[in-house]
Amino acid sequence: MDILSLLLVFPVITALGILVAKKDKVVRWTALSGSIVQLFLAIGITAYYVSLRNAGETGQMLLESSYEWFAPLQIYFSAAVDGISLVMILMTAMVVVAGILVSWKIGKQVKEFFFLILLLSLSAYGFFISTNLFVMFFFLELAVIPKYLLIGVWGSGRKDYSAMKLALMLMFGSALVFIGILGLFYFTGAQTWDFQEIAKMHIPIETQRILYVLLFTGFGVFTAMFPFHTWAPDGHSSAPTAASMFLAGISMKLGGYGCLRVATYLLPDAAQELSWIFIITASIAIIYGAFATMMQKDLKYMNAYSSVSHCGFVILGIAMLTKAAVTGAVMQMVSHGIMTALFFASIGMIYDRAHTRQADELGGMLKQMPFIGSAFIISGLCSLGLPGFSGFVSEMTVFVGSWERTGVFYRVATILACASIVVTAVYILRAVGFAIWGTVTNKEYLKFKDATWSERSAAVLLTLGILIIGLAPFLFIHLIDADTTSIVSRFIAVVGK
Amino acid sequence: MDIVLMFRFEIILAALILAIFIMSLRGFDTNVKCFLNTMNVLLLLNFIAGWLPLSEGSYFSDFFRTNGLIVLQKNIINLGLLLISLTSYAWLEQSKYRLEFYLLMLSSIFGVYVMLSSGHILMLYLGLEMSTIPIAAMSNFNLKEQRSSEAGIKLILSSAFSTGIMLFGISLLYGAVGNLSFASVIANLHPNVLTLFAFAFILAGFAFKMSIVPFHLWTADVYEGSPIAVTNFLSVISKGSVIFVFLTVLYSLFGGLKEAWLLGISIVSILSMTVGNLFALRQQNAKRFLAFSSIAQVGFVLVGITAASTIGSASVVYFVLIYLLSNIAAFGVISAVADSTGSESLQSFKGLYKSNPFYALIMAVALFSLAGVPPIAGFFGKLFLLTAGMKSGLYVLLGFAGVNLVLSLYNYLRVVKYMFIDDNEAHLAPLNRNRQLTTALYICLIGLIAIGFVTPIYQYIDSLCRF
């Protein structure tokens, strides 16, 4: 048993434990302890990875292992990690723990709920560690059903519609991805699904063009890339709190990771030629998402549209192809994952008490519930990019990286993206002003109690994540530095830096 | 001794049929439970006997042949037979004609064996007919229901029509080649107008049996009218076995016309997937729903068939195995629900998870498998078919397959939504469960979860398909 497979074994054991457990209380504690063990495991693996790197390991990916799965079809369960996948795993582990803590009081079908949550987390871990494209796709798809059921059964509002829309649009994305990876399998001459092998192949540019567009669009659907973003607002707002955290925090990052690791990394020539398409869609998503957020009154819709806008930065960073931009994109993925999870968590806490998410119906939350109010403000400030929080560091890095590309087109895209920050400030400050500051308008609200111990621990955990990246970004950059360099070295010819 | 081993499927089946006769003469079938359980045990033994070691070979100047792949196909059919017998226990318990049911079902299977082992087109034709005609009688089993008789008549008429077309194709082929044994057809087949026409007519005949669009019109009506056990048999055994034979016909018999049939198969594949999924969108009757879903599934099988190589035939056999388990599980649950609610409408599945979590979970696993969602085996089955299809580089076909993945997911999620999300005003009481049905459903469940992860299964199929 190698160390990376443990990342999959623990969630499976936890999920089985949940199935066996009889009492709801046991289910909750099993889920929580399993996910905490997983978090420590992730930290341990990262530490081990760093020690290996410091000891002079120079392989592209470390801790490799491979097991036979469908050998006649070249499908092997192969796992390996580099810095980029490690930071994603760390982020996932954090969000999972927080998500379970936040759902502590869920009353309906507890066992099923936590089982599906763990299945969802399993799919994310599997996706980030596998190096075999087929297995990666398996894990990408594994998340579809838990998402559908979590929204459909435990959701609120137009949940049937949102759940179905989400499942179908993500399936559409997966179909594109699958055709793309089939193309990589057959038409690169490699006859292998292993992306490290494919990366060594010299793929004809005609093939690259088709596959790049297919794969980037397919994964883009998962990242809520414009114009395939419409599942995100509906899905996020109908989902129960933990599922929203997972959807925005983790699932959207699967798409970003795929865009970077599969589409861009494996098809560098096409990426240089055609990334302008995705720079355009990303710029539209950033601006459109920000303005759409301004129009929302529902806090969850607000955060969902702002996620579209923030994930636009991820796409923009990846499509810009400079080292700083790619680094920024990875940081933005992690930062947005944690920040948006905290945002959804605090919205969920408010909703649990007030049973409304309309910003103008709330008010004075800080006075009544100082802890929840502060968590909301912290995530809001992180979202608008206040220095000291992770949002600032990552967005700044994306902007700097984008500015390195010369040419009117790139400059315009960068300026547009920067301009969106102003809009972000408007909607965040407005939401905070309406819902958090001010006096308590509704007498009912005076009865509210502040966060419970589980909600507090979730918020503290996520805030820690935000602060670590925000205050010590060098730790983070150091971890992924070698990997972004090796990705970007494939474009050096055109980009120049 | 060798000949006994080689014919053991046929011999055991003939012995079983004979045993049923004797049982009826001795009045053994008056004790319903005893009779049904004995049949199930006998079918289990039949299934086990299929795995005895066996040599390859052919008899009667190549009229009958057998090899590892054919034995595996027969074993898969045997598994289906056993599971169908188990799932239809409750229905047979009430039916007056249980003995006849087994008699007809086993005769049909005998035809399937002959068809699978045939080395000569006449033999193939004989087997195909032998397997179809008893089903027409079986679908007429609800004697008091008009729909059931309608189903029987529709099946016999459409099958007679398709047989006529196929026979015409066979006669053209005879005109072109001069001999109907597989070996000489393979050796003497050259692409020209005559052989192309022969192929087109034979394809049309097979298309009827597999209910490929545009020859699918009988399917929904017959599925709806027949008793659930028979629908199950039609959708699984009869369709699966014709797919197996179709593989041989395409790959070896018409291997020389590959350039021509690639186009034809791609077109009917696109039509089947799309029409099947689009018509399933609004079906409210569970059996009609699965009828259109099975049309779409055959469309996916055809995507895999276009590969015309080891991966093509291995992925098809693998998929049929998974499809068999998923469909039997789905029909098993439908029969349990229909038995207690008296309705075959999908509406009666509403709120099933709250009242009957076991059935709802099995149904969900079966539907996810049909939709191709991991970690259920159908995911691997379906994606291997697509992987095989990509081998020939038919992008348009793959594009349509991708769109249909989305469409079919909608169809199946609709039922999942009924079961897990919607509430039922009229609360379903816990449904009856008998041990036989439960056993069958557990076998399907375990199979559907394990097949994707027990790697030797695919490797075994792959090793048999190397030619």
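The values are calculated or read from the model by the stated rules, or taken from the named source; none is laboratory data. Since we're looking at a predicted model, the values are computed, not measured. FYI the Cβ positions are ideal-geometry reconstructions off the backbone, even for glycines, and counts take in every protein chain you see.
Every test in (1) crowded, with 24+ Cβ neighbours inside 10 Å; (2) more than 22 Å from A:GLY258 (Cα to Cα); (3) not acidic (Asp, Glu) is passed by A:PHE127 save one, and that test is (2). A count restricted to segment B:48-84 and to residues that are among the polar types (S, T, N, Q), modelled with pLDDT of 85 or more and surrounded by fewer than 22 Cβ atoms within 10 Å (Cβ to Cβ) stands at 2.
Restricting B:ASN37, B:ASN46 to residues that are more than 30 Å from B:ILE70 (Cβ to Cβ), polar (S, T, N, Q) and either assigned to a helix (DSSP H, G or I) or within 22 Å of the chain's Cα centre (by Cα) (or both) narrows the list to B:ASN37. Please enumerate the residues belonging to segment A:140-161 that are without any contact (Cβ under 8 Å) to a residue 40 or more places away in the chain and at the interface with chain B (Cβ under 10 Å from one of its Cβ atoms). Scanning segment A:140-161 gives A:GLU141, A:LEU142, A:VAL144, A:ILE145, A:TYR148, A:LEU149, A:GLY152, A:ASP160. When residues in segment B:9-34 are screened for being out of contact with any Lys or Arg (no Cβ under 6 Å at 6 or more places or on another chain), in a helix (DSSP H, G or I) and not aliphatic (A, V, I, L, M), 8 of them pass. Of the helices (runs of 4 or more DSSP H) lying entirely inside segment A:383-497, the ones with 2 or more residues being among the acidic types (Asp, Glu) are found at A:473-488. In the list B:SER266, B:SER293, B:SER335, which residue meets the criterion of being within 22 Å of A:GLY152 (Cβ to Cβ) and away from chain A (no Cβ under 14 Å)? None of the others qualify; the one that does is B:SER293.
Taken over segment A:16-43, the criterion of being outside any helix (DSSP H, G or I) and loosely packed, with under 15 Cβ neighbours inside 10 Å is satisfied by A:LYS22, A:LYS23.
Could you tell me whether segment A:390-403 includes any residue that is without any contact (Cβ under 8 Å) to a residue 24 or more places away in the chain and over 18 Å from A:TYR301 (Cα atoms)? Within segment A:390-403 (the criterion being without any contact (Cβ under 8 Å) to a residue 24 or more places away in the chain and over 18 Å from A:TYR301 (Cα atoms)), the answer is yes, since at least one residue qualifies.
Across segment A:44-73, the number of residues qualifying as within 24 Å of A:VAL135 (Cα to Cα), touching a helix residue (DSSP H, G or I) at 6+ places or on another chain (Cβ under 8 Å), surrounded by fewer than 16 Cβ atoms within 10 Å (Cβ to Cβ) and away from every other protein chain (no Cβ under 14 Å) comes to 1.
Among the numbered conditions (1) buried (at least 24 other Cβ atoms within 10 Å of the Cβ); (2) more than 11 Å from every other protein chain (Cβ to nearest Cβ); (3) over 30 Å from A:GLY83 (Cβ atoms), the only one that A:LEU166 does not meet is (2). Within the bounds of segment A:192-212, is there any residue that is of a type outside the set (Asp, Glu), crowded, with 21+ Cβ neighbours inside 10 Å, under 30 Å from A:ALA304 (Cβ atoms) and more than 10 Å from chain B (Cβ to nearest Cβ)? Within segment A:192-212 (the criterion being of a type outside the set (Asp, Glu), crowded, with 21+ Cβ neighbours inside 10 Å, under 30 Å from A:ALA304 (Cβ atoms) and more than 10 Å from chain B (Cβ to nearest Cβ)), the answer is yes, since at least one residue qualifies. Of the residues making up segment B:415-427, those that are surrounded by 19 or more Cβ atoms within 10 Å (Cβ to Cβ) and in contact (Cβ under 8 Å) with a residue 60 or more places away in the chain are B:VAL415, B:TYR418, B:MET419, B:PHE420.
Taken over segment A:383-409, the residue count meeting the criterion of being touching a Ser or Thr at 6+ places or on another chain (Cβ under 6 Å), among the hydrophobic types (A, V, I, L, M, F, W, C) and buried (at least 24 other Cβ atoms within 10 Å of the Cβ) is 0. If a residue has to be closer than 19 Å to B:LYS287 by Cα and either surrounded by fewer than 22 Cβ atoms within 10 Å (Cβ to Cβ) or not small (Gly, Ala, Ser) (or both) to count, how many in segment B:365-386 make the cut? Counting residues in segment B:365-386 that are closer than 19 Å to B:LYS287 by Cα and either surrounded by fewer than 22 Cβ atoms within 10 Å (Cβ to Cβ) or not small (Gly, Ala, Ser) (or both) gives 4.
Somewhere in segment B:115-135, is a residue assigned to a helix (DSSP H, G or I), more than 22 Å from B:SER58 (Cα to Cα) and small (Gly, Ala, Ser)? Scanning segment B:115-135, I find no residue that is assigned to a helix (DSSP H, G or I), more than 22 Å from B:SER58 (Cα to Cα) and small (Gly, Ala, Ser), so the answer is no. With respect to A:ILE84, determine if the residue is away from chain B (no Cβ under 11 Å), over 23 Å from A:PHE343 (Cα atoms) and not in a strand (DSSP E or B). It is true that A:ILE84 is away from chain B (no Cβ under 11 Å), over 23 Å from A:PHE343 (Cα atoms) and not in a strand (DSSP E or B). Of the helices (runs of 4 or more DSSP H) lying entirely inside segment B:338-455, those containing at least 3 residues that are within 26 Å of B:TYR89 (Cβ to Cβ), among the hydroxyl-bearing types (Ser, Thr, Tyr) and more than 10 Å from chain A (Cβ to nearest Cβ) are B:435-450.
Among helices (runs of 4 or more DSSP H) entirely within segment B:145-257, having at least 3 residues that are crowded, with 23+ Cβ neighbours inside 10 Å and over 16 Å from the mean Cα position of the chain (by Cα) singles out B:146-177, B:193-210. Would you tally the residues in segment A:428-477 being more than 30 Å from A:VAL326 (Cα to Cα), touching a residue at least 12 places away in the same chain (Cβ under 8 Å) and of a type in the set (A, V, I, L, M, F, W, C)? Adding up the residues that qualify gives 10.
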